[in-house]
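Engineer: Have a look at this one.
Taken together, the values in this text are just the output of simple stated rules run on the coordinates, not laboratory data. Computed from a prediction, not measured in an experiment: that's the story for all the values here. Using ideal geometry, Cβ is built from the backbone for each residue, glycine included, and neighbour counts are taken over all protein chains shown.
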Amino acid sequence: MWAGMHAVQAQTAAPVQPAAASAPAAATASSDALLVEKGRKLAVAADCAACHTAPKGGASFAGGYPIASPLGSIYATNITPSSSAGIGSYSLEDFSRALRQGVRKDGAHLYPAMPYTAYAQITDEDTEALYAYFMHGVKPVDQAAPQTALPFPFNIRLSMAVWNALYLKDQRFKPDASKPPEWNHGAYLVDALAHCSTCHTPRNTLMAEDSSRYLGGGSLGAWYAPNITSDAINGIGGWTEAELVQYLKTGRVPGKAQAAGPMAEAIEHSLQHLPDSDIQAIASYLKQTKAVAGGETQPRYSYGKASLQSEDTQRGLIDGADAGWKVFSGSCAHCHQANATGTANGEYPSLFHNSVTGADRADNLVATILHGVDRTVQGRAHFMPAFGDAASFTDRLSDQEIADVSNYVLTQYGNPAVKVQVADVAALRAGGKPPLIAQLPRLILPAAVVLLVLVIAFIVIRQRRKAAGSSGV
Ligand code: HEC
Ligand code: HEC
Ligand code: HEC
């Protein structure tokens, strides 16, 4: 038995034994309950709820959450055991094929918005436990999720078969015998279950992960998942293991970073609920990843002065009526303080020594101002209002105001080489710059034709194979 797996196994058995059950039946019932509980824990580590449960009170695993892809919204489906609207009719094989190969029971291909490229590594044992949980531990909900309708040519689901042939490694996780169990456990969590690389690894033009830059930083539309390799400057090489553990469990390490956006969601729904041994294994694994270099020249968290701004500087800004200072003093200073030192208790972070203001791109700074921070950890909410939202109770800031305040913060407290233009804010407000492939239908017709030819070639080859098979060759 591979030791690395134990932490996500059920630690406490709580079988409900029917009073009149015979001894063997009771034993089966308790081992079933154990399997369901193990599956529940795995579903938390794999964060299935992140996409399959609609936010703000959606029924558990009933789907309906639109995943904004550059190609249009992709709706996560209902994966409750409802036989009319969910996966109630799925056998273990059907479930395994959807989870690890991205193919639905009816044979249609799933879009890789469902992270089956990572889940492909989930072991058979864990797939069985997940299946037991979704069949017996989840309440059936008979309401179907909205249909996904992407524009041509992406509505041809079979094109995903071509993509899979190119990019899906349909291989289960194999522990590396030359490494200690903790490393293997960390690798399994990071790569298979917690699918960190689906966000933190950059993608190529066909939106497949660029494995040569594994965990080297990837764009997610408005947000950017930074380099988390062991690189001392561009990655997390300068973080201690204890700091990584603290970040993954709570989403905040004063003097280094906070978690907003998609990372806040991963922490809120998944990582904070994992046993300490799992988080420790992830942190230790990250520290041992291959360093991936980038364009940064000093660690993101090291920018900015921890000293207060002099009164002269303050007065100069006030006298000069600096546009960014005005927005800052009106909209930010009451929480982050006039000198951006934050509060002593750490509730409001400092804006220097903050990986968001010291990065070599302003995506996460602008995204934080637009979307705010909303992360509930151990029952406590950490909240910064969204300034991009007209419906928010704060004043909505214009693209110009967000550019001004970002440039002010970057110059005074962060990486002064980074500049934000009004157009950058407008693009991030609209969800970020779409990758090349999303511009296919409109801009690169020849490439779309190539894709279609590939699809047709694939169909022909498949039919030939079938014909060859049925003629008994
Ligand atoms: C990052 C988002 C995301 C996560 C995390 C995720 N899924 Fe999905 N899943 C999707 C989307 C989106 C679809 C539908 C894709 C499509 O329509 O092509 C889907 C489809 C499925 C399907 C196919 C159901 C059907 O018949 O339509 C199954 C089964 C499934 N997911 C199970 C899981 C399980 C189990 C987990 C956790 C181990 C999980 N998913 C985690 C996004 C996600
Ligand atoms: C859904 C996308 C997503 C997933 C999954 C995800 N991350 Fe992140 N991660 C992000 C984003 C976006 C940020 C930047 C957040 C911010 O600055 O507020 C981030 C930030 C981080 C940081 C802080 C880096 C820095 O320099 O500030 C660490 C460490 C990290 N993630 C580790 C992980 C690990 C480990 C996993 C898997 C267990 C993981 N992440 C999974 C999107 C993701
Ligand atoms: C009502 C209080 C409040 C206001 C007003 C406010 N913030 Fe924040 N800010 C917070 C809190 C709380 C956090 C998150 C702390 C945590 O994650 O633990 C935060 C986090 C941040 C971060 C780090 C985000 C990350 O992902 O690491 C930045 C940058 C930031 N704020 C900038 C600003 C700017 C610029 C303004 C003005 C436009 C502003 N804040 C206004 C409370 C506030």
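Engineer: Take every Cα pair under 8 Å in region 300-433 that's 6+ residues apart, average their separations, divide by the length, and report that relative contact order as a whole percent.
Structural biologist: This gives 27 percent for region 300-433.
Engineer: Here's something else I'd like to know. Can you tell me the order of 406-414, 84-92 when each peptide is scored by its average per-residue count of other Cβ atoms within 10 angstrom, highest first?
Structural biologist: 406-414, 84-92
Engineer: Show the residues, 5+ positions off or on another chain, whose built amide H is closer than 5 Å to the amide H of L220.
Structural biologist: A225
Engineer: Using the Karplus curve 6.51 cos²θ - 1.76 cosθ + 1.60 with θ = phi - 60°, work out ³J(HN,Hα) for each residue of region 414-427 in order, rounded to whole Hz, and write x for Gly and Pro.
Structural biologist: For region 414-427, the Karplus curve yields x, 8, x, 6, 8, 10, 10, 9, 4, 5, 5, 5, 4, 5 Hz.
Engineer: Set the bar at 27 Å for Cα to Cα. Now go through K56/K287; K56/K305; K326/K433; K56/K139; K169/K256; K41/K433 and name every pair that lies beyond it. Before the final figure, lay out each step's value.
Structural biologist: On the way: K56/K287 35 Å; K56/K305 39 Å; K326/K433 29 Å; K56/K139 18 Å; K169/K256 35 Å; K41/K433 36 Å.
The answer is K56/K287; K56/K305; K326/K433; K169/K256; K41/K433.
Engineer: Let me ask something additional. Assign one of three labels to region 300-433, namely rounded, prolate or oblate, based on the Cα gyration tensor with a ≥ b ≥ c the square roots of its eigenvalues; rounded applies when a/c is under 1.5, prolate when it is not and a/b is larger than b/c, and oblate otherwise. Don't jump to the answer; show the numbers that get you there.
Structural biologist: Details: a/c = 1.38, a/b = 1.11, b/c = 1.24.
Rounded is the answer for region 300-433, as its axis ratio a/c remains below 1.5.
Engineer: Where the centroid of each part is defined by its Cα atoms, how far is region 232-269 from region 102-123 in Å?
Structural biologist: 29 Å
Engineer: Pull out the extension gain between V422 and A144, defined as 0.36 nm times the separation in residues minus the alpha carbon to alpha carbon distance; nm, one decimal.
Structural biologist: Additional length available on full extension: 96.0 nm.
Engineer: Quick check: Cα centre of region 354-419 to Cα centre of region 59-98, how many Å?
Structural biologist: 33 Å
Engineer: Can you tell me the FRET efficiency between A293 and A177 if r is taken as the Cβ-Cβ distance and R0 is 35 Å, rounded to the nearest 0.05?
Structural biologist: Numbers: r = 29 Å, r/R0 = 0.84.
Computed FRET efficiency for A293 and A177 comes out at 0.75.
Engineer: Given H placed 1.01 Å from N in the peptide plane, which residues other than close sequence neighbours of F61 have an amide H under 5 Å from its amide H?
Structural biologist: T53, A54
Engineer: Would you mind calculating the gained length between E241 and T205 on full extension (0.36 nm times residue separation, minus the Cα-Cα distance), in nm to one decimal?
Structural biologist: Stretched out fully, the E241 to T205 stretch lengthens by 9.6 nm.
Engineer: Using 0.36 nm per residue of separation minus the Cα-Cα distance, give me the extension gain between S398 and R380 in nm, one decimal.
Structural biologist: Numbers: separation 18, 0.36 × 18 = 6.48 nm, distance 3.04 nm.
Here the answer is 3.4 nm.
Engineer: Take each of the peptides 344-354, 37-47, average the number of other beta-carbon atoms within 10 Å over its residues, and list them starting from the highest.
Structural biologist: So the order, starting with the most tightly packed, is 37-47, 344-354.
Engineer: Also, quick follow-up: Got a sec to turn the phi values of region 128-145 into Karplus ³J(HN,Hα) couplings, 6.51 cos²θ - 1.76 cosθ + 1.60 with θ = phi - 60°, whole Hz, x for Gly and Pro?
Structural biologist: Values per residue, Gly and Pro as x: 4, 5, 4, 4, 4, 5, 5, 7, 10, x, 10, 6, x, 10, 8, 10, 6, 7 Hz.
Engineer: Amide H neighbours of V377 under 5 Å, counting only residues 5+ apart in sequence or on other chains, H built in-plane at 1.01 Å?
Structural biologist: For V377, whose amide H was placed from the backbone, the distant partners under 5 Å are H382.
Engineer: Then there's this: Calculate the tail of P(r) for region 75-232: the fraction of all Cα-Cα distances greater than 23 Å, expressed in %.
Structural biologist: Value for region 75-232: 45 percent of Cα pairs lie more than 23 Å apart.
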